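Q: Right, I'll just put the structure down here and ask away after.
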Amino acid sequence: MPSLEGKSAVVTGASSGIGAATARALAAEGARVVGGARRTDRIAAPVTALQLDVTEPASCERFVTAAAEELSGLDILVNAAGLALGRDPFDDSTEEDERLVLETNVNGLIRMTRLCLPHLRDGGHIVNIGSVAGRQAYEKGSLYVTSKFAVRGFTYALREDLLGRPIHITTVDPGLVQTDFSLVRFRGDDTTARKVYEGVEAMQPGDIAECIVFAVTRPSHVNIDELVVKALAQSSGGRILRTES
Ligand code: NAP
């Protein structure tokens with residue numbers, strides 16, 4: 001029997017990359033899945049697509065109400081929506097970018113968690129997608145690094161506040177995964193984005209989705225607190241071994 005038969009899940013950032021792969025993987029394990037993103041046309045069946053902008057409180061409220069109704073309650077929330085903007089020294093960063101990165105990665109994730117918690121059934125699970133950038137800083141990534149340290153801090157704090165309740169919480173902190181992340185980070189500059197994945201075997205979104213499925217399918221008395229998953233050729237966000245081309 002598929003391990004998540006009878007369970008329901010919400011995945012944010014389900015239109016691309018890690019969120020899309022996770023939504024598909026949870027569905028393949030038998031869960032009914034609602035995926036949220038701004039580009040709902042990129043979310044395909046069996047995942048049910050619902051419009052979501054995590055930076056907009058009203059959008060989040062509409063999304064959670066509709067998802068909880070569609071799924072008759074929730075067992076799993078995966079907070080995968082996120083982004084970075086630019087690879088610049090802090091002096092060159094802007095307040096506009098700061099707002100969008102923190103609003104999306106931090107406030108959006110916290111907001112979605114707050115809204116989903118009342119719908120989570122006993123035995124439920126919250127999975128936050130952090131990053132190795134949230135464990136070790138690297139140069140020219142200050143806003144993103146700040147946001148992912150905040151995700152880890154929030155996840156630790158939530159673990160404390162949920163202690164004693166039958167809800168699991170996990171942070172999954174990936175290293176280099178080949179997705180549209182770099183295309184977004186470099187504002188649509190495909191050539192620069194592609195260089196990020198040159199000369200190195202990056203992880204694929206499915207590699208992270210498999211880890212998430214592992215975390216949410218443990219026995220109910222087990223909580224996987226943290227999973228740090230890197231490409232073999234990297235030791236941190238800032239140190240990646242590349243072959244010469
Ligand atoms: P991606 O392919 O660019 O996917 C990002 C997802 O986030 C998209 O589905 C996007 O959907 C969604 N999103 C962005 N802003 C949103 C908003 N305001 N409201 C709702 N959804 C929003 O990148 P990815 O690599 O899969 O990133 C997923 C998560 O993994 C992020 O939290 C990222 O920080 C983290 N991560 C990635 C890597 C990596 O190397 N790729 C490493 C560590 C951690 P729409 O644009 O359609 O709204």
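Q: Restricting attention to the stretch 189-245, which residues are among the basic types (Lys, Arg), under 21 Å from residue 135 (Cβ atoms) and exposed (fewer than 15 other Cβ atoms within 10 Å of the Cβ)? Full working, then the answer.
A: Within the stretch 189-245, the subset among the basic types (Lys, Arg) is 194-195, 218, 230, 239, 242.
Next, from what is left, pick out any that are under 21 Å from residue 135 (Cβ atoms): 230, 239.
The one that is among the basic types (Lys, Arg), under 21 Å from residue 135 (Cβ atoms) and exposed (fewer than 15 other Cβ atoms within 10 Å of the Cβ): 239.
Q: Within the stretch 118-154, can you find the residues that are over 28 Å from residue 93 (Cα atoms), of a type outside the set (D, E, K, R) and touching a strand residue (DSSP E or B) at 6+ places or on another chain (Cβ under 8 Å)?
A: Step one: of the stretch 118-154, the residues over 28 Å from residue 93 (Cα atoms) are 118-127.
Going one step further and asking which of them are of a type outside the set (D, E, K, R), we end up with 118-120, 123-127.
119, 120, 123, 124, 125, 126, 127, listed by residue number.
Q: Hey, another quick one. Which residues, counting only those in the stretch 136-170, are buried (at least 18 other Cβ atoms within 10 Å of the Cβ) and in a loop (DSSP other than H, G, I, E, B)?
A: Across the stretch 136-170, the qualifying residue is only 141.
Q: When you check residue 165 against the structure, is it within 22 Å of residue 51 (Cβ to Cβ) and not hydroxyl-bearing (Ser, Thr, Tyr), yes or no?
A: Numbers: within 22 Å of residue 51 (Cβ to Cβ): no; not hydroxyl-bearing (Ser, Thr, Tyr): yes.
Answer is no for this residue.
Q: For the stretch 112-148, which residues satisfy the criterion of being hydrophobic (A, V, I, L, M, F, W, C) and more than 22 Å from residue 162 (Cβ to Cβ)?
A: Residues of the stretch 112-148 hydrophobic (A, V, I, L, M, F, W, C): 112, 115-117, 120, 126-127, 129, 132-133, 137, 143, 145.
132, 133, 137, 143, 145 - these are the residues of the stretch 112-148 that are hydrophobic (A, V, I, L, M, F, W, C) and more than 22 Å from residue 162 (Cβ to Cβ).
Q: Can you tell me which residues in the stretch 30-42 are surrounded by fewer than 24 Cβ atoms within 10 Å (Cβ to Cβ) and in a loop (DSSP other than H, G, I, E, B)?
A: Our first condition is that a residue be surrounded by fewer than 24 Cβ atoms within 10 Å (Cβ to Cβ); within the stretch 30-42, this holds for 30, 32, 38-42.
30, 38, 39, listed by residue number.
Q: Which pairs do you get when a residue that is open to solvent by less than 40 Å² (accessible area, probe 1.4 Å), found in the stretch 48-70, comes within reach of a residue that is at pLDDT below 95 and among the aliphatic types (A, V, I, L, M), reach meaning Cβ atoms under 6 angstrom, with the pair 6+ apart or on two chains?
A: none
Q: Also: Under 8 Å by Cβ, and 6 or more places apart or on different chains, what pairs join a residue from the stretch 73-100 that is more than 15 Å from residue 140 (Cα to Cα) and of a type outside the set (Gly, Ala, Ser) with one that is open to solvent by 70 Å² or more (accessible area, probe 1.4 Å) and in a strand (DSSP E or B)?
A: 74/121; 75/121
Q: OK, next. Taking the stretch 1-29 only, how many residues are hydroxyl-bearing (Ser, Thr, Tyr) and buried (at least 21 other Cβ atoms within 10 Å of the Cβ)? Quick ask: steps written out before the conclusion?
A: Step one: list which residues in the stretch 1-29 are hydroxyl-bearing (Ser, Thr, Tyr), which gives 3, 8, 12, 15-16, 22.
Adding the requirement that they be buried (at least 21 other Cβ atoms within 10 Å of the Cβ) leaves 8, 12, 15, 22.
Qualifying residue count for the region: 4.
Q: Hey, any hits in the stretch 53-68 for a residue that's within 22 Å of residue 149 (Cα to Cα), of a type in the set (Phe, Trp, Tyr) and either within 19 Å of the chain's Cα centre (by Cα) or part of a helix (DSSP H, G or I) (or both)?
A: no
Q: Which one is nearest to residue 224 (Cα to Cα), of the residues in the stretch 166-197 that are in contact with a Gly (Cβ under 9 Å, 6 or more places away or on another chain) and away from the ligand (no atom under 11 Å from the Cβ)? If you could, list the steps in order and put the result at the bottom.
A: The initial filter retains those residues of the stretch 166-197 that are in contact with a Gly (Cβ under 9 Å, 6 or more places away or on another chain), namely 166-168, 171-181, 185-187.
Subsequent filtering for residues that are away from the ligand (no atom under 11 Å from the Cβ) retains 166-168, 186-187.
Working: 166: 14, 167: 12, 168: 8, 186: 33, 187: 35 Å.
Restricting to residues being in contact with a Gly (Cβ under 9 Å, 6 or more places away or on another chain) and away from the ligand (no atom under 11 Å from the Cβ), the top hit is 168.
Q: Let me ask you something else. Might you check whether a residue that is over 16 Å from the mean Cα position of the chain (by Cα) and modelled with pLDDT of 95 or more occurs anywhere in the stretch 74-83?
A: At the first step, the residues of the stretch 74-83 found to be over 16 Å from the mean Cα position of the chain (by Cα) are 74-75.
Applying the additional criterion that residues be modelled with pLDDT of 95 or more yields 74-75.
Looking through the stretch 74-83, at least one residue is over 16 Å from the mean Cα position of the chain (by Cα) and modelled with pLDDT of 95 or more.
Q: Quickly run through the stretch 13-29 and pick out the residues that are of a type in the set (A, V, I, L, M, F, W, C), part of a helix (DSSP H, G or I) and within 10 Å of the ligand (Cβ to nearest atom). Give the derivation first.
A: In the first step, residues of the stretch 13-29 are kept if they are of a type in the set (A, V, I, L, M, F, W, C); the result is 14, 18, 20-21, 23, 25-28.
In the following step, the residues that additionally are part of a helix (DSSP H, G or I) were identified as 18, 20-21, 23, 25-28.
Passing the criteria: 18, 20, 21, 23.
Q: Further question on the same structure: Being under 28 Å from residue 50 (Cβ atoms) and either aromatic (Phe, Trp, Tyr) or at pLDDT below 95 (or both) narrows it down to one residue among 156, 197, 144, 138; which is it? Write out each step before concluding.
A: On the way: 156 fails: under 28 Å from residue 50 (Cβ atoms); 197 fails: under 28 Å from residue 50 (Cβ atoms); 138 fails: under 28 Å from residue 50 (Cβ atoms).
That would be 144, the only listed residue that is under 28 Å from residue 50 (Cβ atoms) and either aromatic (Phe, Trp, Tyr) or at pLDDT below 95 (or both).
Q: Moving on to the next point. Counting only residues that are more than 19 Å from residue 36 (Cβ to Cβ) and open to solvent by less than 70 Å² (accessible area, probe 1.4 Å), which one in the stretch 102-129 is farthest from the ligand (Cβ to nearest atom)?
A: It comes out as 123.
Q: Can we say residue 77 is within 16 Å of the ligand (Cβ to nearest atom), open to solvent by 40 Å² or more (accessible area, probe 1.4 Å) and out of contact with any Lys or Arg (no Cβ under 6 Å at 6 or more places or on another chain)?
A: Values: within 16 Å of the ligand (Cβ to nearest atom): yes; open to solvent by 40 Å² or more (accessible area, probe 1.4 Å): no; out of contact with any Lys or Arg (no Cβ under 6 Å at 6 or more places or on another chain): yes.
No.
The values are calculated or read from the model by the stated rules, or taken from the named source; none is laboratory data. Note that the structure is predicted; figures quoted are calculated from it, not measured. All Cβ positions, even for glycine, are placed from backbone atoms using ideal geometry, and neighbour counts span all protein chains on display. The protein model used for the area step is the full one, side chains on, heavy atoms only, and it has no ligands, DNA or RNA in it. Shrake-Rupley method; radii C 1.70, N 1.55, O 1.52, S 1.80 Å.
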